[in-house]
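Have a look at the structure below, then the notes.
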Amino acid sequence: MPLPERNDMKRYDLIVVGAGPSGLSAAIEASKRGVKTIVFDENARPGGQLFKQIHKFFGSKEHKAKIRGFVIGQQLLDEAGKAGVEVVLNATVIGLYQDKEIVVKTGDTVHHYKGDSIIIATGASENMVTFDGWTLPGVIGAGAAQTLMNLHGIKPGKRVLMLGSGNVGLVVSFQLMQAGCEVAALVDAAPEIGGYGVHAAKVARTGVPFYLSHTIVKAEGTDHVTGVTIAAVDDHFRFIPGTEKHFDVDTICVAVGLSPMSQLLKMAGCRMSDDPKRGGQVPIIDGHGETSIPGLFAAGDVSGIEEASSAMIEGRQAGIYAAEFLGFISKTEMDNGEEKLDAALDGLRQGMFAPKNRGKNIEKTEEGIDISRNLLCRGFIGDDEIERFPGVTHKAGVHPVIECTQNIPCNPCQDACAMHCIMVGKVITALPAVDPSLKCADCGMCVASCSGQAIFLVNEDCGDGTATVTLPYEFLPVPDEGTRGRALGRNGQEVCDAEVVKIRTSPAYDHTTLLTMSVPKEFAMKARFFKANA
């Protein structure tokens, strides 16, 4: 029997739970079609995880590629404001009941709302692993580290060990170094790196060691973390005696995956599925994101863990679907709006890291090139492996060298090159290739535009026994021209002396500095990072 409607209950055409990338996107699309929409979020500011994300996004222009996450977050907020979306913050939705009634707690007050349609976009929460000492102060999640660094300007620690080699662990490791922390090691029980190779490579070339098939034995300390012991594990994830390694650290950062925050959907009585490939307990939804309860939709990570780019597209789709369900647009209008979004989402769901490929052992790229085993198991491409990829060419003068070796949905480099030296093609997961017959303008736009920091401009022979390597540099302080130091190889080890000969900054580079270093010409294809002398 339906519950009697309360006299003090506020009604809306559409209620969206969650003001992250998916929820805001859904609310925008619905509001633009005349739907009276309200969004609730438990946090003090909208935007969800976007405002923690200082790295540049992958994809193409339609996916907001090469734009930093916090900028995308502000763009969404501006768009929501123009669309007339009502956003209520510090509002925790504590109940979702039959007939689409929700209960919201703001401060010490509880309010009831009713929606003719509801979109759940609550996202995901961080997973945690237990080990001896895991409750000590100093053991934190990667998301917490990002919050401290990128929202509050606080260093999580001085010396950090990262557990987890997925994209979150790799990205946050790099951001920890950007914040001035030292990353002692990156550890994962899996035998292969789980995230994008370009993310791993940019961490490895700074000198951070990777320990795959290792995990934490114990965190050391009494009232806070003072160290950590790791050990190798066998195929059944059992510790191998005698393989223990100790690190002096004050922080252990944990990035071992995410779980959909689907509790409200379960509370509402939606049919659920336990799907490890989608992150855990997720609602069973149809092709329009509608759950088993008519008019109740799910979008973003709550329906399956993916990247924020996918969540935004799913959110926009959900907003269109809700508008059609409520009668604000026709099915034809819904289909027209859905078609373009489907194509954009399909583009992100291709390549080696597509949801359909999770758990598969992929040995070759889509072009038939052997995957770098060194990259998968050690975090960097071997010098003997790099030459087989189409982005690596040799010619006189300055030319791009692209060390992107996996089929990732991304093509900003192609758009950035005014001389058309770089080719990706219509399939955005294709490996970037360089046309050596075309002259590079040395503008640096490809270097700055690469979300994976995998492009270098190289002059292999300057005519005086030296070569120059231009690389993306996002650390402070930026070395001055004339600074002497050491060039590091892809493995983070010192390979030769180096001197900074040019520093380039530009608004077009979006806070990526182009650092050009001079090295002996025999190291032109090996030197990939600069470290100033102490």
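The values are calculated or read from the model by the stated rules, or taken from the named source; none is laboratory data. Since the structure is predicted, the reported quantities are computational estimates derived from the model, not experimental observations. Cβ atoms come from the backbone with ideal geometry, glycine included; neighbour counts cover every protein chain shown.
What to note about this one:
Rundown of residues vs (1) in contact with a Ser or Thr (Cβ under 8 Å, 6 or more places away or on another chain); (2) polar (S, T, N, Q); (3) more than 29 Å from C270 (Cα to Cα), yes/no style:
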{"position": "Y12", "(1), (2), (3)": "yes, no, no"}
{"position": "E42", "(1), (2), (3)": "yes, no, no"}
{"position": "Q74", "(1), (2), (3)": "no, yes, yes"}
{"position": "G95", "(1), (2), (3)": "no, no, no"}
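- Within the set F57, F40, the sole residue that is out of contact with any His (no Cβ under 8 Å at 6 or more places or on another chain) and hydrophobic (A, V, I, L, M, F, W, C) turns out to be F40.
- Filter pass, A454 being over 24 Å from L431 (Cβ atoms), at pLDDT 95 or above and either charged (D, E, K, R) or in contact with a Lys or Arg (Cβ under 9 Å, 6 or more places away or on another chain) (or both): no
- Matching residues, region 353-387, being exposed (fewer than 13 other Cβ atoms within 10 Å of the Cβ) and without any contact (Cβ under 8 Å) to a residue 40 or more places away in the chain: K356, K360, N361, E363, K364, G368, D370, D384, E387
- Filter pass, Y113 being under 27 Å from S330 (Cα atoms), surrounded by fewer than 24 Cβ atoms within 10 Å (Cβ to Cβ) and not assigned by TED's automatic domain parsing to the domain that holds V172: yes
- In summary, I94 fulfils each of the numbered conditions (1) touching a strand residue (DSSP E or B) at 6+ places or on another chain (Cβ under 7 Å); (2) under 21 Å from E306 (Cβ atoms) with the single exception of condition (2).
- Of the criteria (1) touching a residue at least 60 places away in the same chain (Cβ under 8 Å); (2) over 30 Å from C496 (Cα atoms), which one T243 fails: (1)
- Scope region 454-477; condition in contact with a Ser or Thr (Cβ under 8 Å, 6 or more places away or on another chain) and farther than 16 Å from M525 by Cα; matching residues: Y473, E474
- Among the residues of region 6-38, the one identified as more than 16 Å from F328 (Cβ to Cβ), hydroxyl-bearing (S, T, Y) and in contact with a Lys or Arg (Cβ under 8 Å, 6 or more places away or on another chain) is S25.
- A single entry from A416, A354, A343 fulfils the requirement of being in the same structural domain as V469 (by TED's automatic domain parsing) and small (G, A, S): A416.
- In the set (1) of a type in the set (G, A, S); (2) under 23 Å from F58 (Cβ atoms); (3) part of a loop (DSSP other than H, G, I, E, B), G287 fails one condition alone, (2).
- Counting only strands (runs of 3 or more DSSP E) that sit completely within region 431-515, those holding 3 or more residues that are β-branched (V, I, T) and more than 22 Å from the chain's Cα centre (by Cα) correspond to 466-473, 494-504.
- Qualifying position, being closer than 26 Å to F530 by Cα and either outside the structural domain of A299 (by TED's automatic domain parsing) or surrounded by fewer than 19 Cβ atoms within 10 Å (Cβ to Cβ) (or both), among T226, T206, T222: T206
- Residue match in region 129-149 (condition: part of a strand (DSSP E or B) and under 20 Å from A19 (Cα atoms)): no
- Of residues in region 325-351 being of a type in the set (A, V, I, L, M, F, W, C) and touching a residue at least 60 places away in the same chain (Cβ under 8 Å), the one nearest to D116 (Cα to Cα): L326
- Filtered residues of region 519-534 (kept if surrounded by 21 or more Cβ atoms within 10 Å (Cβ to Cβ) and touching a Cys at 6+ places or on another chain (Cβ under 8 Å)): V519, A527
- Residue within region 272-283 that is over 29 Å from G359 (Cβ atoms) and among the hydrophobic types (A, V, I, L, M, F, W, C) present: no
- Scanning region 338-394 for residues that are more than 25 Å from the chain's Cα centre (by Cα), modelled with pLDDT of 90 or more and part of a helix (DSSP H, G or I) yields E387, R388.
- Flag if V93 is more than 26 Å from the chain's Cα centre (by Cα) and either part of a loop (DSSP other than H, G, I, E, B) or surrounded by fewer than 24 Cβ atoms within 10 Å (Cβ to Cβ) (or both): yes
- Within region 399-429, considering residues that are aliphatic (A, V, I, L, M) and surrounded by 19 or more Cβ atoms within 10 Å (Cβ to Cβ), the one nearest to K526 (Cα to Cα): V401
- Taken residue by residue, region 72-88 has at least one member that is in contact (Cβ under 8 Å) with a residue 12 or more places away in the chain and within 23 Å of L258 (Cα to Cα).
- Residue within region 30-40 that is at pLDDT 90 or above, within 23 Å of the chain's Cα centre (by Cα) and buried (at least 19 other Cβ atoms within 10 Å of the Cβ) present: no
- Condition met for A219 (within 19 Å of L488 (Cβ to Cβ) and touching a residue at least 60 places away in the same chain (Cβ under 8 Å)): no
- The residues in region 23-69 that are within 20 Å of T429 (Cβ to Cβ) and either among the hydroxyl-bearing types (S, T, Y) or in a helix (DSSP H, G or I) (or both) can be counted, and the count is 4.
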